[in-house]
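Structure first, commentary second.
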Ligand SMILES: C[S@@+](CC[C@H](N)C(=O)[O-])C[C@H]1O[C@@H](n2cnc3c(N)ncnc32)[C@H](O)[C@@H]1O
């Protein structure tokens, strides 16, 4: 059932589930090692994964002894995560919430908005609110990681259509970029067993310099960004970016 703040994500994400099958375990494990290293995470520390999806990152982090809280809006993803955690004997706190409405205060050693879960809201103030909530959730001295697609790469490689096949599901995406608002408008056609469902979505795509300004506006310091998990500098060739900010000690 949609929460009060409903949007395109309510219908889209349950149908998007097969897409996670395109991300290899090797890729995820390398990201998890990078997250542990860059966020100085050690077993026993507390990490907030928002939005956590099916637990792609939450589960391996919990396996490494990190005390993970996973928040997401898609109930079917949280159910799957809980089931997998139980099966593996891992304890993960799970909560269903809109990422703008989470209310954690100085609870986590580190937190992350990962795998392209940012820019979902039409209003700039809502996207900023997500960062503000992640900032608030950190203990003083804690570190946040944002893992998002790189606007400069998108601009250099923009394609108006694209398709993927995962097992028995075909996913076709038609796109249109609005330069005035830096928003990618897309229609996804998801086809399974001869049945097609279509979804419209819009994602505000931020450039690195815009994100730095937004991070600063909510209080983050020591902001740095990389274009790969090898800490390469961000360039138009970096597909994804990894941006970090810290909550100052004593805040
Ligand atoms: C691209 S997936 C990434 C999931 C995960 N971080 C990963 O890397 O595998 C984006 C996630 O955002 C969640 N989501 C979408 N809108 C949301 C909202 N308004 N509040 C909380 N979660 C949301 C979706 O359910 C989905 O799990």
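Answer yes or no as to whether residue 171 is over 30 Å from residue 36 (Cβ atoms) and in contact with a helix residue (DSSP H, G or I) (Cβ under 9 Å, 6 or more places away or on another chain). Working first, answer last.
On the way: over 30 Å from residue 36 (Cβ atoms): yes; in contact with a helix residue (DSSP H, G or I) (Cβ under 9 Å, 6 or more places away or on another chain): yes.
Yes.
Every residue in segment 155-197 that is assigned to a loop (DSSP other than H, G, I, E, B) and in contact (Cβ under 8 Å) with a residue 12 or more places away in the chain, please.
158, 159, 160, 167, 168, 181, 182, 193
Checking residue 40 against (1) at negative phi; (2) surrounded by fewer than 20 Cβ atoms within 10 Å (Cβ to Cβ), which single condition isn't satisfied?
(1)
Specify the residue that is farthest from the ligand (Cβ to nearest atom); the eligible residues are those in segment 134-154 that are touching a helix residue (DSSP H, G or I) at 6+ places or on another chain (Cβ under 8 Å), over 21 Å from residue 54 (Cα atoms) and not in a loop (DSSP other than H, G, I, E, B).
Applying the filter and picking the extreme gives 152.
How many residues, within segment 23-37, are more than 11 Å from the ligand (Cβ to nearest atom) and either assigned to a helix (DSSP H, G or I) or closer than 26 Å to residue 136 by Cβ (or both)?
Total meeting the criteria: 8.
Applying the selection to segment 112-133, what residues are outside any loop (DSSP other than H, G, I, E, B) and away from the ligand (no atom under 12 Å from the Cβ)?
124, 125, 128, 131, 132
Please go through (1) modelled with pLDDT of 95 or more; (2) within 15 Å of the ligand (Cβ to nearest atom); (3) surrounded by fewer than 20 Cβ atoms within 10 Å (Cβ to Cβ) for residue 6 and return the number of the only condition it doesn't satisfy.
Looking at each condition in turn, residue 6 falls short on (1).
So which of 54, 35 ends up being closer than 26 Å to residue 126 by Cα and out of contact with any strand residue (DSSP E or B) (no Cβ under 7 Å at 6 or more places or on another chain)? Outline the logic, then answer.
Values: 35 fails: out of contact with any strand residue (DSSP E or B) (no Cβ under 7 Å at 6 or more places or on another chain).
The match here is 54.
Could you tell me which residue of segment 202-225 is surrounded by the fewest Cβ atoms within 10 Å (Cβ to Cβ), considering only residues that are assigned to a strand (DSSP E or B) and under 16 Å from the mean Cα position of the chain (by Cα)?
Among those residues, the one meeting the criterion is 202.
The rows are residues; the columns are (1) farther than 30 Å from residue 213 by Cα; (2) crowded, with 20+ Cβ neighbours inside 10 Å; (3) in contact with a strand residue (DSSP E or B) (Cβ under 9 Å, 6 or more places away or on another chain); (4) assigned by TED's automatic domain parsing to the domain that holds residue 212.
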position: 66; (1), (2), (3), (4): yes, yes, yes, yes
position: 71; (1), (2), (3), (4): no, yes, yes, yes
position: 89; (1), (2), (3), (4): yes, no, no, yes
position: 114; (1), (2), (3), (4): no, yes, yes, yes
position: 124; (1), (2), (3), (4): no, no, yes, yes
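The values are calculated or read from the model by the stated rules, or taken from the named source; none is laboratory data. Predicted, not measured: the structure shown is a model, and the values here were computed from it. Glycine gets a Cβ as well: all are built from the backbone with ideal geometry, and neighbour counts include every protein chain shown.
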